[in-house]
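First the structure, in the form of structure tokens, and then the observations on it.
The values are calculated or read from the model by the stated rules, or taken from the named source; none is laboratory data. This structure is a prediction, so every number in the text was calculated from the model and none was measured. With ideal geometry, Cβ positions are generated from the backbone for all residues, glycine too; neighbour counts draw on all protein chains shown.
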There are 2 protein chains.
Amino acid sequence: MTVLEDLIQALSRLPGVGRKSASRMAYHLLQTDQEYNTRLARLIHGIQQRVQRCSRCRSFTEEGRDPCDICSSPNRDRRSLCVVEHPQDVLTLEATGAFHGLFHVLDGVISPLDGIGPEELNLPALLQRIREEQIGEIIIATNPTEEGDTTALYISHLVKKEGIRVTRLASGIPVGGDLEYADRITIARSLRGRTLLESLE
Amino acid sequence: MTVLEDLIQALSRLPGVGRKSASRMAYHLLQTDQEYNTRLARLIHGIQQRVQRCSRCRSFTEEGRDPCDICSSPNRDRRSLCVVEHPQDVLTLEATGAFHGLFHVLDGVISPLDGIGPEELNLPALLQRIREEQIGEIIIATNPTEEGDTTALYISHLVKKEGIRVTRLASGIPVGGDLEYADRITIARSLRGRTLLESLE
């Protein structure tokens, strides 16, 4: 049956979906209410039109809302700017409710092996924002990977002459984690980045 | 962002998809080629129209092909009939290439706890087929669960008076499996259902 096979093939191109899960999804779609299928199809078809990028911070924003809700909110702390790899990182950080500043999306990290240098990233706009906006601190929230660290270091050098405080998200043992299962590099980092007990809430 | 949230919600209704995977899928859909989204949306929207059920065996068939390719094939062994729970089981068995007979889909199993009795299953059609077609053996391929076993037993009683051989898929340690990790019931079954060495290929 080619139609079902086509659907399974298409579904298995989604991230984290293998052939087995794609089959299960296809059978589900075959037997669920058609109303759901119609809605899902419409959402998938329209998502790229209805969700766009903010011209200021490059995070996701709804069609017709540019700058995005965060960039144009009067309630955000405009002195701190959080630099992230991807637009979805903005949503992840927003979900914590722990950050009240603005964002800047790099759209990648420096990765020489993949042929991605600083010029591929959204850095000129970052420098421009630093000059034009009243930013006092840049929090670099790239992932604690080799590429993320390299990028953080690069940005820190780039920004140094602007006289701005540059910080990096703490790296260490996850809350609820176990020393026994943490890797050595993480433990070493958590030692180097140890915090005074009274500074923890 | 409500649109993105709507998409994530809709995706997380798919089987085996939690909120995290749904988010990853949504971000992928946001950033992949629109052509893929259009194709996937069209497939999802049309699948229930384009894939239907065979009026004879109740397995999936493409729109306009009733009876299905298996039921109408001149190359199938019409004397053996494999009884399965769901239409997708037909595809799973077909993929093995090990069965060349016909199928019959029950559309469920007897499950008193869920209020599903024999009258909810596609059994009258099974009896009718037994009477009208030249079936010599019924292979019951319901899952080796309590419900699947009960259903197998029920069918075996039902069919007994028709003088037809009724068999059941062997249950035992999966090929490549390990005795040490098999549960006791499976091991007990594999003992009861032990086969003569020469009978194995």
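Taken over the stretch B:1-11, the residue count meeting the criterion of being over 26 Å from the mean Cα position of the chain (by Cα), crowded, with 17+ Cβ neighbours inside 10 Å and in a helix (DSSP H, G or I) is 5. Can you find, within the stretch A:156-194, the residue that is farthest from the chain's Cα centre (by Cα) among those that are under 20 Å from A:I110 (Cβ atoms) and small (G, A, S)? Out of the qualifying residues, it is A:S156. Only a single criterion out of (1) at pLDDT below 95; (2) over 17 Å from A:R168 (Cβ atoms) is not satisfied by A:T96, namely (2). Among residues belonging to the stretch A:104-162 that are charged (D, E, K, R) and at pLDDT below 90, point out the one that is surrounded by the most Cβ atoms within 10 Å (Cβ to Cβ). That would be A:E162. Of the residues making up the stretch A:66-86, those that are in contact with a helix residue (DSSP H, G or I) (Cβ under 8 Å, 6 or more places away or on another chain) and either in the same structural domain as A:E120 (by TED's automatic domain parsing) or of a type outside the set (A, V, I, L, M, F, W, C) (or both) are A:R76, A:L81, A:C82, A:V83, A:V84, A:E85, A:H86. Within the stretch A:102-146, the set of residues being part of a strand (DSSP E or B) and closer than 19 Å to A:R53 by Cα comprises A:L102, A:F103, A:H104, A:V105.
Results for (1) more than 9 Å from chain B (Cβ to nearest Cβ); (2) under 23 Å from B:S59 (Cα atoms); (3) part of a loop (DSSP other than H, G, I, E, B), shown as yes or no for each residue.
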position	(1), (2), (3)
A:R13	no, no, yes
A:M25	no, yes, no
A:L40	no, no, no
A:H45	no, no, no
A:Q49	no, no, no
A:I70	yes, no, no
A:V83	yes, no, no
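The sole residue among A:R184, A:R129 that is in contact (Cβ under 8 Å) with a residue 12 or more places away in the chain, of a type outside the set (D, E) and either touching a His at 6+ places or on another chain (Cβ under 9 Å) or more than 25 Å from A:V90 (Cβ to Cβ) (or both) is A:R129. For the stretch B:27-38, a residue qualifies if it is more than 7 Å from chain A (Cβ to nearest Cβ) and buried (at least 18 other Cβ atoms within 10 Å of the Cβ), but none of them does. Taking (1) facing another protein chain (nearest Cβ under 10 Å); (2) under 21 Å from B:L7 (Cα atoms); (3) out of contact with any Ser or Thr (no Cβ under 6 Å at 6 or more places or on another chain) in turn, A:G64 satisfies each apart from (1). Candidates are the residues of the stretch B:85-101 that are over 12 Å from the mean Cα position of the chain (by Cα) and part of a loop (DSSP other than H, G, I, E, B); the one that is surrounded by the most Cβ atoms within 10 Å (Cβ to Cβ) is B:G101. Residues of the stretch B:51-68 that are in a strand (DSSP E or B) and in contact (Cβ under 8 Å) with a residue 12 or more places away in the chain: B:V51, B:Q52, B:R53, B:F60, B:E62. Scanning the stretch A:163-177 for residues that are among the polar types (S, T, N, Q) and loosely packed, with under 15 Cβ neighbours inside 10 Å yields a single hit, A:T167. Taking the stretch A:187-201 as the range and being at pLDDT 80 or above and not β-branched (V, I, T) as the test, the residues that pass are A:A188, A:R189, A:S190, A:L191, A:R192, A:G193, A:R194. Go through the stretch A:26-58 and give me each residue that's among the aliphatic types (A, V, I, L, M) and farther than 29 Å from A:V90 by Cα. A:A26, A:L29, A:L30 - these are the residues of the stretch A:26-58 that are among the aliphatic types (A, V, I, L, M) and farther than 29 Å from A:V90 by Cα.
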